[in-house]
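The values are calculated or read from the model by the stated rules, or taken from the named source; none is laboratory data. Remember, it's a predicted structure, so these values are computed and weren't measured experimentally. Cβ placement follows ideal geometry from the backbone for every residue including glycine, while neighbour counts extend to all protein chains displayed.
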Amino acid sequence: MWFLRRMLRIPWTAKKTNERVLNEANKRRSLVRTIRKRQATFLGHVMRRGKLEHLVTTEKFEGKRSRGRQREKIMDGLATWLGKGKVSDILAAIKDRDLWRDMIANAYKQGT
């Protein structure tokens, strides 16, 4: 972001938000989209395997929860990114590899 501000010669006293700077430069955020896409492809790989990682991501293991505010779960974040309301819908879609790839591609193209 600092690079765009420097290219557009926006001083730090202008107090423009990052979204406004992106709009002026006609750019979109891409790092978050790339991270989400890689998370989704890795999650599909892990969930189809069905080993220990499957248990960890679906949180089907024994133990106490930590104190304080709960961390955002990977499955919940991907559910909002993919536009699905329920985690169970995602788990059902992961089983079908072609459907899962199409869902990821559509979410990546939409830029959410």
**Study point:** Looking only at region 60-80, and only at residues there that are among the hydrophobic types (A, V, I, L, M, F, W, C) and at pLDDT below 80, the one that is farthest from S30 (Cα to Cα)
**Key:** F61
Point to revise | Within region 27-45, considering residues that are outside any helix (DSSP H, G or I) and in contact with a helix residue (DSSP H, G or I) (Cβ under 9 Å, 6 or more places away or on another chain), the one modelled with the highest pLDDT | key: K27
Check your understanding: Which of the residues spanning region 2-31 are surrounded by 12 or more Cβ atoms within 10 Å (Cβ to Cβ) and of a type in the set (A, V, I, L, M)?
Key -> L4, L8, I10, V21, L22, A25
Study note, to complete from the structure: Counting only residues that are crowded, with 16+ Cβ neighbours inside 10 Å and out of contact with any helix residue (DSSP H, G or I) (no Cβ under 7 Å at 6 or more places or on another chain), region 92-112 contains a total of 0
Review point. Name the residues in region 3-15 that are touching a helix residue (DSSP H, G or I) at 6+ places or on another chain (Cβ under 8 Å) and in a loop (DSSP other than H, G, I, E, B), would you?
Key: L8, I10
Check your understanding: Of the conditions (1) part of a loop (DSSP other than H, G, I, E, B); (2) modelled with pLDDT of 85 or more, R20 fails just one. Which one is it?
Key -> (1)
Review point. Has region 47-59 got at least one residue that is modelled with pLDDT of 75 or more and surrounded by 11 or more Cβ atoms within 10 Å (Cβ to Cβ)?
Key: yes
